[in-house]
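Heads up, the thing below is written out as structure tokens.
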Amino acid sequence: MVFNMIVIKMLPALGLLFVLGCATARSVGRSSTSPWALEATPLERSAAEFNNDAAEHLAWAKAYRSRIVEADGPRTIENTLVPYNQMMMHLDAASSESNLFARVHPDAQVRAAAEESERAVAKYVTELNLDRQLYEAFRDLDVSRGDAGTRYVVEKRLRDFRRAGVDKSEDVRKRVAALNEEMVKLGQDFAKNTREDEREIVLDSPSDLEGLPQDWIDKHRPGADGKIKVSTRTPDYIPFATYAHNAAARSKLYREFKDRGYPKNVEVLQGLLRKRYELAQTLGYANWAEYITEDKMIGTAGNAKSFIDKIAEAGKAAVERDYNLLLERKRKDISGAAKVEDWEKSYYEELVKSEQYAFDSQSLRPYFNFPDVQRGLFDLTGKLFGVTYRQVEGLKLWHPSVTAWDIYDSSKCIGRFYLDLFPRENKYGHAAQFDYRTGVGGIRLPQAVLVCNFPNPNESTDGVALMEHSEVVTFFHEFGHLLHALFAGRQPWIGNSGISTEWDFVEAPSQILEEWCYNLDSLRVFAKHHQTGEPIPAELVTKLRRARDFGKGLYAAHQMFYAAVSLNYYNRSPEGLDTTKLLMELQEKYSPFDYVEGTHFQCSFGHLDGYSAIYYTYMWSLVIAKDLLSKFEQDGMLNAKTARQYRETILEPGGSKKATELVQDFLGRPYSFEAFEKWLNRS
């Protein structure tokens, strides 16, 4: 997942003329001559320091805005785009830091300051989008002599001005501004309520943990009262839902997991739906879904619905096959069972894979010790893309578990990233890539942050933290986003730099990197038994790949259920809308698993804020990713030449071209549905 609440990248930026290198292993200070140097990047700060930095960025942005509108003479790149870029570099920095720290900083005061900054930046970005003087400057800008990227970024900017409502009356623009401000606050409340609602179940006996891996059990010893606590955090929830024999306990934890954010987020979500619907109607659209899909690859809400139904139809046979296998297996435990419950699917999927595919997921875990996986991810992507990673020591970061790394192409530093990978109280509970500084070619290097929640080796006496294969896949997925942000961070305009393609394409580069988690040659780079050092057996990887083919139909169906919830919450008036009732109806239509009475999944479905109506993005991107993968499968998964071509044609251009052009540049043809359909129905 890419996390970028305010989507600053829609606005182009060029920035100050400084060429920057990477820091050596020393503490970061603020004495650099360049405000954009890596050494000058503020990291850990108090709430007061954070407030001061945010205010300073806003002040610079407002000064550059004045310079633009007061410029004399014809509109040129030099008197309009250059100062506009300088302005947007400051807003990008303030926005990115705020988005991150509001979700991960351990100090509540800093989180509060970050949320306040987030609202202030969002408010000013809305003002800029509704600024007629600024719009007229772009409208009159002569870019006929600019290159294709420059013309494209101005085209996007003018489109976004109009979509924001710049041509509306003053009263309408005031209402638009107020709605945007209210929406940001509601989104913050939604995320905060979910993040802070960490739950747990209490078990009476170690026997309740039967079926779970021993290393997991070792970390869940009974307390002084003899009770065992299991939380809704990912490192607890996924193994428990997959392996625990105790059905009642699995059901109980599922209900707690699905009810995070409830009841607070019922009304918060309703507020988001109302405000977005009103904004869409104010701007002349039938509903929010029509507004938000207009500038995506998909084009319209109707096309999104058609796509969801197309995937659902294409996967029908696979869904029926997969579900019947689960039900058949459940009947061995419960004679005459009529259905498989939603909270049972992970457990019975694991049993089917074990018994019918001779594959036991737990047999993989000894080969996925977190430190080895991280090193292997670096080794593998380094060889594929021709880069190396060097840890930066001595930085004061926002938490002791966070690490900093510079990425080098040969001897040239091309960016920095930060890894915040382990769960803690009040931290964002899922996995996402956050921007920290969008790179600008020749001016400032890109900086990005990976936020995940993996098992922590520092919490183990022997430094061992075994991962589920699904967690390894997540690590690769999010690292795919990170590489995209870093490789694309050298465009001359922020509007084209970093992950700035159409939003329904951004998941494709991360989804394609997942494929290396199923390839024997790539797995043997890092999958070593944590005790013996033996590489993962070829036979085990063969079983993994065969077992992977089971469950694809169920996965696609459930993804289309999520996509349908996302779309249908926003493609209508929210007045009188019962979000739980609609969720039940959509689950019945798109998922083979029944709704679990009394749960409120929508209250923790964070994509209903960030992605709003366009969760279909994940499957749309997967269709494209499977087509992109076909070239790797043809040339070899570890073919560095193909990987370099992929880097240069898909990743590095950022948003300087339309996604359809990027894909055609790599494949030599338009993308097609064929590779995905073959994958979905392969058994």
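The values are calculated or read from the model by the stated rules, or taken from the named source; none is laboratory data. Nothing here was measured: the structure is a model prediction, and the numbers come from that model. Note: ideal-geometry Cβ built from the backbone for every residue, glycine included; neighbour counts use all protein chains shown.
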**Report entry** Verdict on Tyr285 being within 21 Å of Gly576 (Cα to Cα) and not in a helix (DSSP H, G or I)
**Finding:** yes
Requested in this report: Give the residues of segment 487-526 that are of a type in the set (Val, Ile, Thr) and not in a loop (DSSP other than H, G, I, E, B), sorted by residue number.
Outcome: Ile494, Ile512
Query raised in the report: Out of segment 81-101, which residues are hydrophobic (A, V, I, L, M, F, W, C) and within 25 Å of Val451 (Cα to Cα)?
Result: Met88, Met89, Leu91, Ala93, Ala94, Leu100, Phe101
Report summary line: Among helices (runs of 4 or more DSSP H) entirely inside segment 529-637, those with 1 or more residues being of a type in the set (Val, Ile, Thr) are 538-549, 552-570, 579-590, 617-635
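Could you go through segment 616-625 and let me know if any residue there is within 19 Å of Arg260 (Cα to Cα) and either touching a residue at least 60 places away in the same chain (Cβ under 8 Å) or under 24 Å from the mean Cα position of the chain (by Cα) (or both). Spell out how you get there, then give the answer.
Of all residues in segment 616-625, those within 19 Å of Arg260 (Cα to Cα) come to none.
No.
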Report task. Go through segment 242-255 residue by residue and tally those that are surrounded by fewer than 19 Cβ atoms within 10 Å (Cβ to Cβ) and not in a loop (DSSP other than H, G, I, E, B). Result -> 5
Query - Verdict on Arg103 being at negative phi and in contact with a strand residue (DSSP E or B) (Cβ under 9 Å, 6 or more places away or on another chain) - result: yes
**Report entry** Residues of segment 332-355 satisfying the condition of being assigned to a helix (DSSP H, G or I) and more than 25 Å from Thr599 (Cβ to Cβ)
**Finding:** Lys332, Lys353, Ser354, Glu355
Report summary line: Scanning segment 452-499 residue by residue, those of a type in the set (Ser, Thr, Tyr), in contact with a helix residue (DSSP H, G or I) (Cβ under 9 Å, 6 or more places away or on another chain) and either surrounded by fewer than 22 Cβ atoms within 10 Å (Cβ to Cβ) or free of Cβ contacts under 8 Å to residues at least 40 places away in the same chain (or both) turn out to be Ser460, Ser470
Query raised in the report: Given the residues Asp578, Asp609, which is the only one that is within 23 Å of Val184 (Cα to Cα), touching a residue at least 24 places away in the same chain (Cβ under 8 Å) and of a type in the set (Asp, Glu)?
Result: Asp609
Report task. Determine if segment 362-377 includes at least one residue that is over 27 Å from the mean Cα position of the chain (by Cα), within 27 Å of Asn568 (Cβ to Cβ) and not acidic (Asp, Glu). Result -> no
Query - Extreme residue, surrounded by the most Cβ atoms within 10 Å (Cβ to Cβ), among residues of segment 374-410 that are in a strand (DSSP E or B) and among the hydrophobic types (A, V, I, L, M, F, W, C) - result: Ile407
Requested in this report: Give Asp197, Asp142 a once-over and let me know the one that is out of contact with any Leu (no Cβ under 9 Å at 6 or more places or on another chain) and surrounded by 15 or more Cβ atoms within 10 Å (Cβ to Cβ).
Outcome: Asp197
Query raised in the report: Is there a residue in segment 325-341 that is under 24 Å from the mean Cα position of the chain (by Cα) and surrounded by 15 or more Cβ atoms within 10 Å (Cβ to Cβ)?
Result: no
Requested in this report: Could you check segment 130-237 for helices (runs of 4 or more DSSP H) lying wholly inside it with 1 or more residues that are at pLDDT 95 or above and within 25 Å of Leu608 (Cα to Cα)?
Outcome: 148-164, 170-196
**Report entry** Single residue of Ala48, Ala59 found to be within 20 Å of Val104 (Cβ to Cβ), modelled with pLDDT of 95 or more and surrounded by fewer than 18 Cβ atoms within 10 Å (Cβ to Cβ)
**Finding:** Ala48
**Report entry** Conditions (1) of a type outside the set (Asp, Glu); (2) surrounded by 22 or more Cβ atoms within 10 Å (Cβ to Cβ); (3) out of contact with any Pro (no Cβ under 9 Å at 6 or more places or on another chain); number of the one not met by Thr438
**Finding:** (3)
Report summary line: Listed by first then second residue, the pairs whose first member lies in segment 324-348 and is over 12 Å from Ser251 (Cβ atoms) and without any contact (Cβ under 8 Å) to a residue 24 or more places away in the chain, whose partner is acidic (Asp, Glu) and surrounded by 16 or more Cβ atoms within 10 Å (Cβ to Cβ), with beta carbons under 8 Å and at least 6 positions apart or on separate chains, are Lys330/Glu344
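Of these, Val28, Val82, Val69, which one is at pLDDT below 95, over 30 Å from Lys658 (Cβ atoms) and β-branched (Val, Ile, Thr)?
Val28
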